[in-house]
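Data first, discussion second: the structure below is written as structure tokens.
Please treat every number below as a calculation from the coordinates, not as lab data. Quantities reported herein were computed from a predicted structural model and do not represent experimental measurements. Positions of Cβ are backbone-derived with ideal geometry, glycine not excepted, and every protein chain shown enters the neighbour counts.
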Ligand SMILES: [Zn+2]
């Protein structure tokens, strides 16, 4: 699996993970204007993409911060 990376798809509204996929590094696009179905929001929401390997450290930072812009 050399050159392949895992990308996590998240809901742009509630930040819930809604899916993931592997992609060749040269084909990676982290900026997406796609919309994904979020079961939590019950809506099609703007897709966020993150590198899977980074998610844990980001999650830890997020957990230690109060929620922002959750209105
Ligand atoms: Zn959502």
Problem - Kirkwood Rh in Å, taken over all unlike Cα pairs in segment 4-63 - result: 11.8 Å
Problem - Separation in nanometres of the label points that stand 7 Å from Cα toward Cβ, at residue 13 and residue 64 - result: 3.1 nm
